[in-house]
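For reference, the structure is listed below as structure tokens.
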Amino acid sequence: VPGNIGRAAELHRRYGRVAWARLFDPAIRLAEEGFEVNRWLAAALAQSNANWDNFPETRALFTIDGRIARRGDRIRNPQLAALLREVATRGPDAFYTGTTARTIVQSTTRSTTNPGDMTLADLSAYRAASRDPVCFQYRVYRICGMGPPSSGGTTVFAILGMLEGFDLRSMGPENPMSWHLLSEAMHLAYADRDAYLGDPDFVEVPTAGLLDERYLAERARLISPFVAANSYAPGNPPGASTRTRAPGSEVPSTSHFVAVDRGGNVASMTSTVEGIFGSQLVARGMVLNNELTDFSLEPERNGAPVANRVEPGKRPRSSMSPTIVYGPDGRVVLALGSAGGPRIIMHVAKTLIGVLDFGLPVDQAIALPNIYMAGDGEIIENNALGGQLAPQLARFGRPVITSDLSSKINAVQWNADGGGWIGAADPRSLGAVAVGGGVGALRPRLGPRGPTPPRPSSAGS
């Protein structure tokens, strides 16, 4: 069930100051007047078109003059504009009941490829779940992120917690040992992620145990600065009741933004339809998600239930990692997040280390090479520094390859030297920094820092 409208309505009810209907004006205008197809969308359309024989409505949405849209074409979506107008006027009920709900159910249940069994009752019963954030002390910083069923917060913080005993600042970003240590912490943290993370409404997630100081110190002792372990079993954190691992098949097609307003309020939001164009189905001009792939499709392994198995009413595990960092004085100094499927966690962890340990400005931290697991080996981004590090990393005893590792890390950082808020968009993507609704330079001043913010909250959808 699409959750973004329900989540937006709940957040607006709690914190919103602008009238609900006004929030939809820019999206309605884009849908009606259209937008220009950029190079990324043109490539995605060309790739997907070959698979759209069973999805004529989706193909029609992106067809112009009898052909699939190309770069520079303008796409208009009057169906989506009508949907958004109804939600703007009548609120979220216009999405989860009535015409839109019936169209979503028809699209999913009548699909000729893989029909589902969603019902009108599934949509009308949907409620956004409000959950407390996960917060963690790293050096002098308090960092808050999204808790389960997202695995982002706990896994990012576990990586940081295992690395806290190493002097990363002295090593610096060009030292291969820095990246070796990051890699080892990544493997150990992801092992715990696969074993324990799921929807806390259905399984006991040992969130506190995964971030327990003694437990992370125990896991850190498994890291050698000089050689790769090459075997990474989940640990036994306090409160854990199972150690059953079954990775999911999470795929990247995600968006992330960070925003700061004049009062210094900060929002970090990640949203996804899962694969490119989601399930390939549309309803009233809206692409429907393929979020089922975030579940582990094995219900049990070795006779024990898998934490992230499919169950009715359950929310799938994700890697979303919207993150806000507070300085020693309690004020926000950094907010970030990324797209990238299961790699999101590493994109965010790498950027945090770049800023908090290496002392880099956030745009330079974002530009550091991305790194991730590749079977029994390692994959590091094929940029200048990544190519330089790859053969040196291989000397730690693990195969290392270089390849494209795209990301969409977006962030804001407080410049204590008087520069105000600095915005940064990932150079690998088509993201941009905007001030007051217009696209600005890479380092605009976005507004005052504002008062010390209250304890953050998160709404999962």
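The values are calculated or read from the model by the stated rules, or taken from the named source; none is laboratory data. Worth saying up front: this structure is predicted, and the values here are computed from it rather than measured. Here the Cβ positions follow ideal geometry from the backbone for every residue, glycine too, while neighbour counts run over all protein chains shown. Just the protein is used for accessible areas: all its heavy atoms, side chains included, with ligands, DNA and RNA removed. Shrake-Rupley method; radii C 1.70, N 1.55, O 1.52, S 1.80 Å.
Scanning region 401-414 turns up one or more residues that are β-branched (Val, Ile, Thr), open to solvent by 10 Å² or more (accessible area, probe 1.4 Å) and in contact with an Asp or Glu (Cβ under 9 Å, 6 or more places away or on another chain).
When region 111-150 is filtered for residues that are assigned to a loop (DSSP other than H, G, I, E, B) and under 18 Å from LEU163 (Cα atoms), the ones remaining, listed by number, are ARG139, VAL140. Filtered by the rule that a residue be open to solvent by 90 Å² or more (accessible area, probe 1.4 Å) and charged (D, E, K, R), region 211-230 gives GLU213, ARG214, GLU218, ARG221.
Residues in region 339-350 include at least one that is in contact (Cβ under 8 Å) with a residue 60 or more places away in the chain, of a type in the set (D, E, K, R), touching a helix residue (DSSP H, G or I) at 6+ places or on another chain (Cβ under 8 Å) and more than 21 Å from GLY275 (Cβ to Cβ).
Is it the case, given these coordinates, that PRO361 is surrounded by fewer than 18 Cβ atoms within 10 Å (Cβ to Cβ), at pLDDT 95 or above and closer than 22 Å to PHE257 by Cα? Judged against the criteria, PRO361 is a match. Under the condition of being β-branched (Val, Ile, Thr) and within 13 Å of MET286 (Cα to Cα), the residues counted in region 44-83 number 1.
So which pairs qualify, if the first residue must be in region 15-34 and within 13 Å of ARG74 (Cα to Cα), the second must be part of a helix (DSSP H, G or I), the Cβ gap must be under 6 Å, and the two must be at least 6 apart or on different chains? Short answer, once both residue conditions are applied: ALA31/LEU80; ALA31/ALA81; GLU32/ALA81. Taking residues in region 372-385 that are under 11 Å from MET186 (Cβ atoms), and partners anywhere that are assigned to a strand (DSSP E or B) and open to solvent by less than 40 Å² (accessible area, probe 1.4 Å), the pairs with Cβ atoms closer than 6 Å and at least 6 places apart or on different chains are TYR372/ILE379; GLU378/VAL400.
Selection over region 22-35 of residues that are surrounded by 15 or more Cβ atoms within 10 Å (Cβ to Cβ) and in contact with a Gly (Cβ under 9 Å, 6 or more places away or on another chain) gives a count of 2.
For region 1-40, a tally of residues being of a type in the set (Gly, Ala, Ser) and assigned to a helix (DSSP H, G or I) returns 6. Comparison of GLY116, GLY91, GLY147 shows that the only residue that is open to solvent by less than 30 Å² (accessible area, probe 1.4 Å) and on the phi < 0 side of the Ramachandran plot is GLY147. The residues in region 101-141 that are closer than 30 Å to SER321 by Cα and polar (S, T, N, Q) can be counted, and the count is 4. Regarding region 72-95, can at least one residue be identified that is farther than 25 Å from ALA267 by Cβ and at pLDDT below 95? The answer is no; no qualifying residue exists. (1) of a type outside the set (Phe, Trp, Tyr); (2) modelled with pLDDT of 95 or more; (3) farther than 18 Å from GLY152 by Cβ: which one isn't true of GLY377, the others all being true? For GLY377, the failing item is (2).
Report yes if some residue within region 90-102 is touching an Asp or Glu at 6+ places or on another chain (Cβ under 8 Å), within 30 Å of ALA128 (Cα to Cα) and among the polar types (S, T, N, Q); otherwise report no. Scanning region 90-102, I find at least one residue that is touching an Asp or Glu at 6+ places or on another chain (Cβ under 8 Å), within 30 Å of ALA128 (Cα to Cα) and among the polar types (S, T, N, Q), so the answer is yes.
One residue stands out among those in region 290-347 that are β-branched (Val, Ile, Thr) and in a loop (DSSP other than H, G, I, E, B): the one that is modelled with the lowest pLDDT, which is VAL306. Would you say LEU181 is under 28 Å from the mean Cα position of the chain (by Cα), open to solvent by less than 60 Å² (accessible area, probe 1.4 Å) and over 30 Å from GLN47 (Cα atoms)? Yes, satisfied.
Checked against the criterion of being in contact (Cβ under 8 Å) with a residue 12 or more places away in the chain and either under 21 Å from ASP376 (Cβ atoms) or open to solvent by less than 10 Å² (accessible area, probe 1.4 Å) (or both), the candidates GLY165, GLY198 yield just one match: GLY198. Within region 298-319, the residues that satisfy the criterion of being open to solvent by less than 30 Å² (accessible area, probe 1.4 Å) and of a type in the set (A, V, I, L, M) are ALA304, VAL306, ALA307. Among the residues making up region 125-144, a single one is among the polar types (S, T, N, Q) and surrounded by 14 or more Cβ atoms within 10 Å (Cβ to Cβ): GLN137. Look at region 64-78: where a residue is part of a loop (DSSP other than H, G, I, E, B) and a partner is of a type in the set (Val, Ile, Thr) and open to solvent by 40 Å² or more (accessible area, probe 1.4 Å), sitting 6+ places away or on another chain with Cβ atoms under 9 Å, you get ALA69/THR63. If the condition is being surrounded by fewer than 18 Cβ atoms within 10 Å (Cβ to Cβ), without any contact (Cβ under 8 Å) to a residue 12 or more places away in the chain and either touching an Asp or Glu at 6+ places or on another chain (Cβ under 9 Å) or not in a helix (DSSP H, G or I) (or both), then region 41-63 contributes ALA50, ASP53, THR63.
Of everything listed in (1) within 27 Å of MET118 (Cα to Cα); (2) surrounded by fewer than 20 Cβ atoms within 10 Å (Cβ to Cβ); (3) among the polar types (S, T, N, Q); (4) in contact (Cβ under 8 Å) with a residue 40 or more places away in the chain, the single unmet condition for THR254 is (2).
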